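> Here you go, one structure.
The values are calculated or read from the model by the stated rules, or taken from the named source; none is laboratory data. Small disclaimer: the values here were computed from a predicted structure and weren't measured. Every residue, glycine among them, receives a Cβ derived from its backbone with ideal geometry; neighbour counts consider all protein chains shown.
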């Protein structure tokens, strides 16, 4: 209101005494001039005038409303859907056919109950997991057909039947909805249609639940397998040279041992004999193809992969090793070798009748290992012949041989000075320390503060101090000097002989490092004459100069440990360390004896320790029982004649 209006007030007739027009003086039913949201503010055309100008109804033009397309409703009779159905069935012969027939009948009846559904085809995958779409041939064919415009509706039992992977399920449904016209999926038991407005949230929840069920099933299966393996209930598929017992109606007897098939075992022995006689796998495959020897699956063509499988399978020497491979990703179904011991393994010796001897099998593993390193023929052991580690033997922790003589022979093959070691006392100390003892580190330092290695009958474990000292190291070599009773580890490259993976991911927190060494551990126990019922702890020393670093363990100073019952109802046990009996009369070792025995610690002066000196191959004589070339050819002709008779 203007100041004039506020002073004079409005008349009874509604006229403002001021000459200016305002909302008080406007006649009823007529708009006032002005602009903006508030009446009487500013000048010009009013809001009612503008509304009238823009409103077609105000100009006498009729308003025409165009209705939106009806939302998709699978129960509506206004649209006919070209439908297909998807199901997954088992792989068990008659049960598969019965299941498929029942599902086909179900979907036909379901389509008949909806007049607007025209069921054109049923897609079915046989016994393939729903956690991934990669190997589901029928499923992928159905999706491609829908993307090509052949179908408008997919019928399936539930979200878990369609896809158990949250990402796959949501991605595929969105792709189908983006088609023109959109393709919907109807999940019968979940009563969910993906073209409805509130379907996305429901689908995400149901897919998450389905994915969680798959993860729980995977955990349950892994637990079940671990318990089966621990209790000797092994999975024993047939392989060349073996068969399994069958019952009266021809079904395999569960957990029955393998039985040798002599006609096939002859082929297996020929393969091992030829390979250990240093025939290449290419040559062996050519000979088998020439003899027309069939594979286990009946094929007449031998490949290098089939030969490698036979030569690397421990079951041929009567042993069974569980969990050699495992499924790393439940959704990607990617298999991975268990070389890093990500799954617990059980080794059963003498599980069934052997076709080849343990010696033949170990020789084959040696040759296979050498091939991976680019080494031809036999070089079972290597020895370092220079530098600080002269006389040390690099350990192949996968080698199935626990004979300590192999390490002694390799170490002794190096020509080195054998004169008595002498130390000038005045170079160590100005005082005569005869009669003084060096106190044992076990009495002074906590085990957590120094490098430590634990040896059991099947495993070496290095504490976090060792891992921290080699924090930037990816691969190491394990070395042993059997005569000096020393074990060492040093950094190396991936391609060095007998390299061992140290840290898989340097970004992860530092943890203890364990290495499965069942045969090397047995060799250590035999070298040191340890009690097999005990485990042994050895303190180590980390040495570093410039870019060179090593960790050394004196295994002759090991402390044994065992577990005893605590006497509680829960049956808890505690570990007890057992000091050697000879330690009871002293605190340590004579100072000068210690210096001589541990001269490794008093490194000679020089620009380099040469800790990275490479190992050289140690020649091994021909093993007893190894076939000659003539014997291999004779056996080949016999097998060829036998194959011709058959």
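> Do we have residue 582 as outside any strand (DSSP E or B) and modelled with pLDDT under 85 here? Break it down stepwise before answering.
Details: outside any strand (DSSP E or B): yes; modelled with pLDDT under 85: yes.
Yes, satisfied.
> So, one more: Do the conditions hold for residue 315, that is, is it farther than 20 Å from residue 640 by Cα, in a helix (DSSP H, G or I) and touching a strand residue (DSSP E or B) at 6+ places or on another chain (Cβ under 8 Å)?
Working: farther than 20 Å from residue 640 by Cα: yes; in a helix (DSSP H, G or I): yes; touching a strand residue (DSSP E or B) at 6+ places or on another chain (Cβ under 8 Å): yes.
So residue 315 passes the test.
> Let me ask another. What is the residue count in region 457-467 for residues that are crowded, with 18+ Cβ neighbours inside 10 Å and in a loop (DSSP other than H, G, I, E, B)?
Counting residues in region 457-467 that are crowded, with 18+ Cβ neighbours inside 10 Å and in a loop (DSSP other than H, G, I, E, B) gives 1.
> Ok, one more. Looking at (1) modelled with pLDDT of 75 or more; (2) part of a helix (DSSP H, G or I); (3) in contact with a helix residue (DSSP H, G or I) (Cβ under 6 Å, 6 or more places away or on another chain), can you tell me which one residue 643 breaks?
The single condition residue 643 does not satisfy is (1).
> Checking residue 146 against (1) surrounded by 14 or more Cβ atoms within 10 Å (Cβ to Cβ); (2) out of contact with any helix residue (DSSP H, G or I) (no Cβ under 8 Å at 6 or more places or on another chain), only one condition comes out false. Which one?
(2)
> Can you tell me which of 190, 198, 125 is at pLDDT below 90, under 27 Å from the mean Cα position of the chain (by Cα) and in the same structural domain as residue 109 (by TED's automatic domain parsing)? Give the derivation first.
Numbers: 190 fails: under 27 Å from the mean Cα position of the chain (by Cα); 198 fails: under 27 Å from the mean Cα position of the chain (by Cα).
Only one candidate qualifies: 125.
> Follow-up question, since we're still on this one. Can you confirm whether residue 217 is within 30 Å of residue 74 (Cβ to Cβ), without any contact (Cβ under 8 Å) to a residue 24 or more places away in the chain and part of a helix (DSSP H, G or I)?
The answer is no for residue 217.
> Check whether at least one residue in region 227-236 is without any contact (Cβ under 8 Å) to a residue 12 or more places away in the chain and assigned to a helix (DSSP H, G or I), and report yes or no.
yes
> For region 247-273, give me each residue that is over 30 Å from residue 631 (Cα atoms) and in contact with a strand residue (DSSP E or B) (Cβ under 6 Å, 6 or more places away or on another chain).
The first filter runs over region 247-273 and keeps only residues over 30 Å from residue 631 (Cα atoms), leaving 247-257.
Within region 247-273, 252, 256 meet the criteria.
> What number of residues within region 210-230 are closer than 21 Å to residue 166 by Cβ and loosely packed, with under 15 Cβ neighbours inside 10 Å?
Number satisfying all stated conditions: 8.
> For region 281-305, how many residues are free of Cβ contacts under 8 Å to residues at least 24 places away in the same chain and loosely packed, with under 15 Cβ neighbours inside 10 Å? Talk me through it step by step, then tell me what you get.
So in region 281-305, the residues free of Cβ contacts under 8 Å to residues at least 24 places away in the same chain come out as 282-286, 288-289, 294, 297-305.
Applying the additional criterion that residues be loosely packed, with under 15 Cβ neighbours inside 10 Å yields 282-283, 286, 289, 297-301, 303-305.
Selection size over region 281-305: 12.
> Restricting to region 471-492, name every residue that is in a loop (DSSP other than H, G, I, E, B) and buried (at least 22 other Cβ atoms within 10 Å of the Cβ). Let's see the steps before the verdict.
Step one: of region 471-492, the residues in a loop (DSSP other than H, G, I, E, B) are 471-474, 482-485.
Of everything in region 471-492, just one residue is in a loop (DSSP other than H, G, I, E, B) and buried (at least 22 other Cβ atoms within 10 Å of the Cβ), namely 482.
> Given 386, 410, 381, 363, which one is in contact with a helix residue (DSSP H, G or I) (Cβ under 9 Å, 6 or more places away or on another chain) and either modelled with pLDDT of 85 or more or surrounded by fewer than 14 Cβ atoms within 10 Å (Cβ to Cβ) (or both)?
363 is the lone residue from the list that is in contact with a helix residue (DSSP H, G or I) (Cβ under 9 Å, 6 or more places away or on another chain) and either modelled with pLDDT of 85 or more or surrounded by fewer than 14 Cβ atoms within 10 Å (Cβ to Cβ) (or both).
> Another question, if that's okay. More than 31 Å from the chain's Cα centre (by Cα), closer than 28 Å to residue 342 by Cβ and at pLDDT 90 or above: which single residue out of 527, 515, 538, 551 fits that description?
Values: 527 fails: closer than 28 Å to residue 342 by Cβ; 515 fails: more than 31 Å from the chain's Cα centre (by Cα); 551 fails: more than 31 Å from the chain's Cα centre (by Cα).
Just a single option satisfies the conditions, and that option is 538.
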